[in-house]
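**Q** One structure follows; several queries about it will come next.
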Amino acid sequence: MLIDIHSHVIPDRIVAAMAADPDRFQARIAGEGAARKVIHDQGYVYPLFDEFHKVDAKIEAMDRKGVDISVISPAPPMFYYWADADLALEVAGLVNDGVADMVGDKPERLRGMATVPMQHPDAAVAELERVVREYGFKAVEIGTSIEGAQLSEERFRPLLRRASELGVFVFAHPYYVGAKSGLESFYLTNLIGNPLDTTVMIANLMFSGRLDELPDLKIVLAHGGGFVPYQIGRLVHGHAVRSETHGISKSSPKELLKRIYFDSLVFEPQALRYLIDLVGADQICIGTDAPFDMADDRPQATLDAVPRITATERQCVCCRTALKLLREG
């Protein structure tokens, strides 16, 4: 069995809402048929592939890639972290109900992941509780930052604590909120900016003591954890020699890293081998990032290329780790 923990959707409910009232949702649907695309006032523009919102197209793509189950998560432009409380909660409701619609069509092949209006913490907790109660979701997707605010900030602690209490794992996914200096060209906002944002997020969670306070919280990092695995030694050394890094958290970043989960999306067999050796295959899941162009369309071949991968390691990455997170194994 192969389970994809990182597969995006934009459900029909929110597509219809944006088409009907582009001013309210600050996004519009342009073009016809296969040429349709989504244009956000914030600056995002991307094709509205059938796989984003049509269950049959998602299943067809999964079959082509050898994926048995996908945990479908909202595409990051659906976060709407800039919106006021009314709009943010409306969008989250439309998206989450739409994800539930898709899962309901193919419950044997799909699992749902929620989005919540993080900029309004009370509403975020309420929406998380609703989707768990009504749909049994086992996962919530959260941006690595919330319009520039770090997830380690005190105001986001209630949501993280509630996720931990509910047994819901957090899938941390970066999203574009404006080009950083030096990343304006060559798509570096994604190629470097996304893994950088993940690195900044997890370092803040480590050094702020948030991970110490929430020992049962399960966090999955997209894109193989960004630069964190490769630079973990630097974080460990800094924690030992700099008072700023151990003033709150007494836990070594290396120990905290063992609690974190990762997807497999690193595009380099040696890098995935290193990640397996560093944290263990039981902390890694397949992630494809479908259907964006930065996706891994051949996840089975990705594993085939990993040097010295064992049958046990492969089983963990393919499905055992995901089943543990979904509480199905």
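**Q** Post the alpha-carbon centroid distance, the range 235-297 to the range 1-54, in whole angstrom.
**A** Measuring centre to centre over Cα atoms gives 30 Å.
**Q** What helices does the chain have that are whole DSSP H segments, at least 24 Å long along their own axis by Cα, and with mean Kyte-Doolittle hydropathy of 0.0 or more?
**A** Helix filter hits for the chain: 85-105.
**Q** Classify the range 19-141: rounded, prolate or oblate, from the alpha-carbon gyration tensor (a ≥ b ≥ c, eigenvalue square roots; a/c under 1.5 rounded; otherwise prolate if a/b is larger than b/c)?
**A** oblate
**Q** Roll a 1.4 angstrom probe over the protein heavy atoms and tell me the percent of accessible area of the range 143-267 that is carbon or sulfur.
**A** 55
**Q** Roughly speaking, what % of Cα-Cα pairs in the range 165-265 are separated by over 17 Å, rounded to a whole number?
**A** 54
**Q** If r is the Cβ-Cβ distance from LYS180 to HIS237 and R0 is 35 Å, what FRET efficiency results, to the nearest 0.05?
**A** So, using R0 = 35 Å, E works out to roughly 0.90.
**Q** Taking a probe of 1.4 Å, how large is the accessible area per residue of the chain, in Å²?
**A** 42
**Q** For the chain, just list the percent of Cα-Cα distances falling in each 20 Å bin from zero outward, please.
**A** P(r) over the chain, rounded to whole percents: 33, 61, 6.
**Q** Then there's this: If each DSSP helix of 4+ residues adds -39,500 (n - 2.57) and the sum is divided by the residues in the chain, what number results at 222 nm, nearest 500 deg cm²/dmol?
**A** The helix contribution divided over the chain gives -12500 deg cm²/dmol.
**Q** Right, next: Which stretch or stretches of the range 51-78 have amide N atoms under 11 Å from the point lying 7 Å from ASP105's Cα along the Cα→Cβ direction?
**A** Under 11 Å, as judged by backbone N against the label point of ASP105, lie 51-60 of the range 51-78.
**Q** Estimate the FRET efficiency between ARG161 and GLN315 by the formula 1/(1 + (r/R0)^6), using the beta-carbon distance for r and 41 Å for R0, to the nearest 0.05.
**A** Calculated transfer efficiency: 0.80.
**Q** Next question. In the range 250-329, which GluC sites (Glu not before Pro) fall in coil by DSSP and have 12 or fewer other Cβ atoms within 10 Å?
**A** GLU328
**Q** When the accessible area of the range 103-142 is computed with all protein chains present and a 1.4 Å probe, what percentage of it is carbon and sulfur?
**A** In the range 103-142, the share of accessible area belonging to carbon and sulfur is 48 percent.
The values are calculated or read from the model by the stated rules, or taken from the named source; none is laboratory data. Note that this is a predicted model, so its numbers are computed, not measured. Don't worry about glycine lacking a Cβ; one is built from the backbone with ideal geometry, like all the others, and counts go over all protein chains shown. These area figures cover heavy atoms from the full protein model, side chains too; ligands, DNA and RNA do not enter into them. Shrake-Rupley method; radii C 1.70, N 1.55, O 1.52, S 1.80 Å.
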